[in-house]
Amino acid sequence: MLYFCYSDKYTGELPGHVFPIEKYKMVYERLKSEKIITDKNLIEPIKPLRKELSLVHTNNYLDDLFNLRFTHRTYPSELPLNQKILDFFLITTGGTISAAKMACKYNVAINLAGGYHHAFPDRAEGFCYLNDIAISIRIVQTDKLASKVLIVDCDLHQGNGNAYIFRDDPTVFTFSMHQENNYPIKQKGDLDIGLDDGTTDIQYLEYLQKILPGLIEKQKPDLIFYLAGADPYYRDLIGGLSLTNEGLKKRDEFVINKAQEKNIPICIVLAGGYAENTNDIVDIHCNTCYIAKKYSEKY
């Protein structure tokens with residue numbers, strides 16, 4: 001069974017901000033209305049404990065965050081810092097933790113949020129206060145649910161926080177396909193594919209299909225973390241790639257099928273998406289969920 005993690009607390013107030021925080025509720029409501037999400041496959045996440053956050057983040061940074069202090073450690077988030085936004089990042093991080101645990105046990109799970117891959121141990125960055133992926137990886141490793149992890153990051157922006165956090169860690173391999181000439185300042189990941197501006201479906205899929213199978217075969221991970229970003233979409237406001245909705249569906253099909261085909265658990269997070277029409281983003285995220293359901297039932 002495909003499990004989903006979601007809470008009605010996946011919300012906050014970001015008036016006029018390019019980050020469409022309302023997309024999470026919209027994705028959930030569509031999947032619920034279509035009976036893709038039911039009471040049987042929905043997991044209600046809880047906020048992580050501070051000691052769990054401390055597996056990745058420094059105490060000085062967490063002190064600033066929990067005291068809602070606007071400092072050199074918190075301001076690079078480019079987001080407001082208030083209790084509602086902090087609660088949003090805590091509960092969505094809890095969702096990624098739950099999804100990672102459920103994926104390890106049942107082969108595939110999706111958090112209907114998450115993918116905050118820009119957060120560093122000692123600071124926020126790029127709409128990210130907590131690095132939910134790194135925290136979740138450390139927890140499943142501590143719980144001995146997985147040892148070797150492969151991050152497949154298909155967000156438009158490089159997961160610089162993840163690249164930095166796992167730079168000297170042989171148990172976590174970071175693979176990122178991103179637009180080279182865009183935010184952020186790049187960190188050296190294990191495998192970075194910096195794509196040219198305007199990269200199309202055909203070019204993107206050629207790279208992915210050439211690289212991913214061999215990478216999975218070589219790394220033999222116990223768990224794949226897949227960041228299924230909607231921001232490579234050609235109508236994204238802060239992106240410069242040219243993928244269509246159909247191209248993004250083929251991307252998801254390839255990644256999720258490869259994991260399921262090899263019987264490797266996969267934890268999926270939605271990651272970025274900033275199209276002017278939020279319904280376009282919701283379409284892309286829902287397609288990821290439809291594809292995950294299809295392949296969770298196939299194998």
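Quick note: the coordinates plus some simple rules give every number you see, no bench work behind them. What you see is a predicted model, and the numbers here were worked out from it, not measured in a lab. Every residue, glycine among them, receives a Cβ derived from its backbone with ideal geometry; neighbour counts consider all protein chains shown.
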Exercise. So how many residues does the stretch 12-25 have that are surrounded by fewer than 17 Cβ atoms within 10 Å (Cβ to Cβ) and touching a residue at least 24 places away in the same chain (Cβ under 8 Å)?
Worked result: 5
Exercise. Among the residues of the stretch 125-143, is any under 29 Å from MET1 (Cβ atoms), within 19 Å of the chain's Cα centre (by Cα) and without any contact (Cβ under 8 Å) to a residue 40 or more places away in the chain?
Worked result: yes
Problem set entry | Selected residue (criterion: surrounded by the most Cβ atoms within 10 Å (Cβ to Cβ)) from residues of the stretch 155-193 that are without any contact (Cβ under 8 Å) to a residue 24 or more places away in the chain and more than 21 Å from SER136 (Cβ to Cβ) | ILE193
Problem set entry | Matching residues, the stretch 249-299, being in a helix (DSSP H, G or I), farther than 21 Å from TYR204 by Cβ, among the polar types (S, T, N, Q) and out of contact with any strand residue (DSSP E or B) (no Cβ under 8 Å at 6 or more places or on another chain) | THR278, ASN279
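Yes/no matrix, rows are residues, columns are (1) of a type in the set (A, V, I, L, M); (2) under 23 Å from ASN162 (Cα atoms); (3) in a loop (DSSP other than H, G, I, E, B); (4) touching a residue at least 40 places away in the same chain (Cβ under 8 Å):
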{"site": "ARG30", "(1), (2), (3), (4)": "no, no, no, yes"}
{"site": "PRO80", "(1), (2), (3), (4)": "no, yes, yes, yes"}
{"site": "THR92", "(1), (2), (3), (4)": "no, yes, no, yes"}
{"site": "THR96", "(1), (2), (3), (4)": "no, yes, no, yes"}
For this session: Being small (Gly, Ala, Ser) and surrounded by fewer than 24 Cβ atoms within 10 Å (Cβ to Cβ) is the filter; apply it to the stretch 223-250 and report the residue that is farthest from CYS286 (Cα to Cα).
Result: GLY240
Exercise. Does any residue in the stretch 63-74 that is in contact (Cβ under 8 Å) with a residue 60 or more places away in the chain and over 9 Å from ARG123 (Cα atoms) come within less than 9 Å, Cβ to Cβ, of a residue that is assigned to a loop (DSSP other than H, G, I, E, B) and not hydroxyl-bearing (Ser, Thr, Tyr) six or more places away or on a different chain, and which pairs are these?
Worked result: LEU65/HIS57; LEU65/ARG73; LEU65/LEU81; LEU65/ALA124; LEU65/LEU130
For this session: Determine if the stretch 52-63 includes at least one residue that is in contact with a strand residue (DSSP E or B) (Cβ under 8 Å, 6 or more places away or on another chain), in a loop (DSSP other than H, G, I, E, B) and surrounded by fewer than 16 Cβ atoms within 10 Å (Cβ to Cβ).
Result: no
For this session: Check off (1) touching a residue at least 60 places away in the same chain (Cβ under 8 Å); (2) farther than 19 Å from GLU13 by Cβ for PHE88 and give me the number that stays unchecked.
Result: (2)
Exercise. Can you pull out the residues in the stretch 98-140 that are over 19 Å from PHE175 (Cα atoms), of a type in the set (Gly, Ala, Ser) and not in a loop (DSSP other than H, G, I, E, B)?
Worked result: SER98, ALA99, ALA103, ALA109
Seminar exercise, completed: For strands (runs of 3 or more DSSP E) lying entirely in the stretch 150-233, having 3 or more residues that are more than 17 Å from PHE254 (Cα to Cα) picks out 172-179, 191-195
